[in-house]
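The values are calculated or read from the model by the stated rules, or taken from the named source; none is laboratory data. The structure presented is a predicted model; accordingly, all values stated were derived computationally and were not measured. No Cβ is skipped: glycine too gets one built from the backbone with ideal geometry, and neighbour counts run over all protein chains shown.
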Amino acid sequence: MFLCVLLACVGIVQCYSSGQVAGACGSLMPSHGVTAQTSPSPFNVATSKTTFKEGDEITVTLNAQSGDSFGGFMLQANEVGSTNAIGAFSVADSAAQVINCDTVANRAVSHTSASSKTSIQAKWKAPASGLNSNIEFRATFVRSKRTFWVGVKSSPVTYSGTPVAPTVAPTVPSNSDCGKTKVCFSQPSNCDPTTSPGCYFMAVQASSNQLELIIEIFGQADGYVAIGFSDDQQMGNDDIYICGKDKNSVLQVQHAFSTGRVAPTILSLGNVSNIKTALTNGNINCSFTSRNAISTGSRAASTGQYYLMIASGPSSQGNIQTHTKKFVSGTKANILNPSTVTSKAEEFPPILKAHGALMLIAWMTTGSIGMIIARYLKGVAKGQGLGGKDFWFAAHVSLMLLSIIATAIAFILVFSNAQDWSGGAHPVLGCLVMILSLIQPIVAAFRCDPQDERRFIFNWAHSFIALATKAIAVAAIFTGLALFEEYKTDGWMLKVMGGFITWEALMYVLQDLNFRARKKDSEIFSCGLMKPEAIMLLVFVLGNLAFLIALLVGIGTT
């Protein structure tokens, strides 16, 4: 049963006199076993306002004509033409109460008893967002079990706010029509977003009269995916559409123009319609129809041929940040002629490859070996060396100097080429490594004598700087390899670097165990004349070289 409300004046009735009639939400129909009256209602619904917008409050009054009364009632608000309850009610009259509809609180108002009533007031508050049309208030009035009127309406209340187009989720674009009805560009080449979540994809489909372009954008990003139309393969003077998160992390479509290696200028969206957006599992998906003319710096719109670009990256408060991924087509595409274009075979500049190779050599071999020698091999060949210095010390100083020289050359190479700070955290980490690498020999040059009571200050400072430099260098290598990986699709170099870190940690643990055992006049293993420290150092060097060669090959073939 949905609603059964009887008047007290008809007699004692046991039904829903308490007004707990949430089951009647939407239809407002009592379950009295009889049909509602079709004659004009002697009751009406009045409102305190004729217009409203988001968040407004309206007083709603249920009135009986002179000499008449009602016992039970139910009131709710709907968009005109809909039966779904919207907004929230509040009441101060003890004869009325708010009830839930579809588990949402305060969606409707009903009676608290079957006593006779001639007037009831309630306050209704409009939702803060999501409104698009006029509303009306509908009510059911019950005079007796067999006499009631359902769906008595107020006059429509006109919506005066700013309509927001409802968001319609687009379907995930497919490459099945590429070259048939669409111009498509993707990375990896010919990938299909419906089966490859890591696919970056754009498609342009011209209407039959060639006045409209249906554009689809898809890709994985933290903030935005943008597409561009360009006269060349460099960023600058490009017509751009951005699908990205606004300050509330809701996807929006923006039109922009790129002027170079700075944030693009946001333009009026112009003649763009049928916008659909979706954010699923980190994948940004947008589609829309544009009647805007494509405009580049050289005004090449008449040719209809452009290089296509896809870029993605983070955003902050709705503002796009420097892209972390960028793909450019290898040839121009005629956007009015369906085709499939592929990425240009981009290659890292040799100077950047040299930078990466030098940093890997410095902090995977010379630097790592120099550090482990200083910590664990001081007791090997003690008293033997050159110029009054033990072999371990000479080896440590030589290897660390080579590391500093390699780091300095790599630093100079990359900044002479890039001349800016693009690349996210990587250049910042690289600068920190360079600074700490230069501080370390300066600190060592002013160290006090080993027997000095303040020697421990140098020992702690020297160790701390070495540890910090190593940690930051590893972070710089990871972020640098990530930049190389943008030009590869398998991601194996980062995995190799992860294996290298595990390998180094394992070797340090074994050396430390042997170091502690040696303090107790013991060893973790014995191998004739060669000491365990020397054997483990040899294994360490061979392992490091294997990881280094693998990464150097990866950089060379990027």
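A few points about this structure:
- In region 123-134, of all residues being more than 22 Å from ASP93 (Cβ to Cβ) and either in contact with a helix residue (DSSP H, G or I) (Cβ under 7 Å, 6 or more places away or on another chain) or of a type in the set (A, V, I, L, M) (or both), the one that is modelled with the highest pLDDT corresponds to ALA128.
- If you check ILE227, ILE284, ILE217, ILE240 for being among the β-branched types (Val, Ile, Thr), under 19 Å from GLN321 (Cα atoms), in contact with a Pro (Cβ under 6 Å, 6 or more places away or on another chain) and at pLDDT 85 or above, only one passes: ILE240.
- Residues within region 56-80 that are surrounded by fewer than 13 Cβ atoms within 10 Å (Cβ to Cβ) and either of a type in the set (A, V, I, L, M) or in contact (Cβ under 8 Å) with a residue 12 or more places away in the chain (or both), tallied: 2
- Scanning region 242-252 turns up no residue that is within 28 Å of GLY330 (Cβ to Cβ) and either among the acidic types (Asp, Glu) or surrounded by fewer than 20 Cβ atoms within 10 Å (Cβ to Cβ) (or both).
- Answer residue from region 304-314, given it is modelled with pLDDT of 90 or more and touching a strand residue (DSSP E or B) at 6+ places or on another chain (Cβ under 7 Å) and is surrounded by the most Cβ atoms within 10 Å (Cβ to Cβ) among those: ALA311
- The one condition from (1) farther than 20 Å from ASN106 by Cβ; (2) assigned to a strand (DSSP E or B) that THR38 does not meet is (2).
- Residue check for PRO127: buried (at least 21 other Cβ atoms within 10 Å of the Cβ) and assigned to a loop (DSSP other than H, G, I, E, B): no
- ALA517 vs. criteria among the hydrophobic types (A, V, I, L, M, F, W, C) and closer than 22 Å to ALA357 by Cα: no
- For ILE549, the requirement of being touching a residue at least 24 places away in the same chain (Cβ under 8 Å) and not assigned by TED's automatic domain parsing to the domain that holds THR324 is not met.
- The residues on offer are VAL428, VAL433, VAL414, and the sole one that is modelled with pLDDT under 85 and of a type in the set (Val, Ile, Thr) is VAL414.
- Filtered residues of region 179-192 (kept if farther than 15 Å from ILE294 by Cβ and crowded, with 22+ Cβ neighbours inside 10 Å): LYS182, CYS184, SER186, GLN187
- From the list VAL474, VAL539, VAL553, the lone residue that is buried (at least 17 other Cβ atoms within 10 Å of the Cβ) and either at pLDDT below 85 or assigned to a helix (DSSP H, G or I) (or both) is VAL474.
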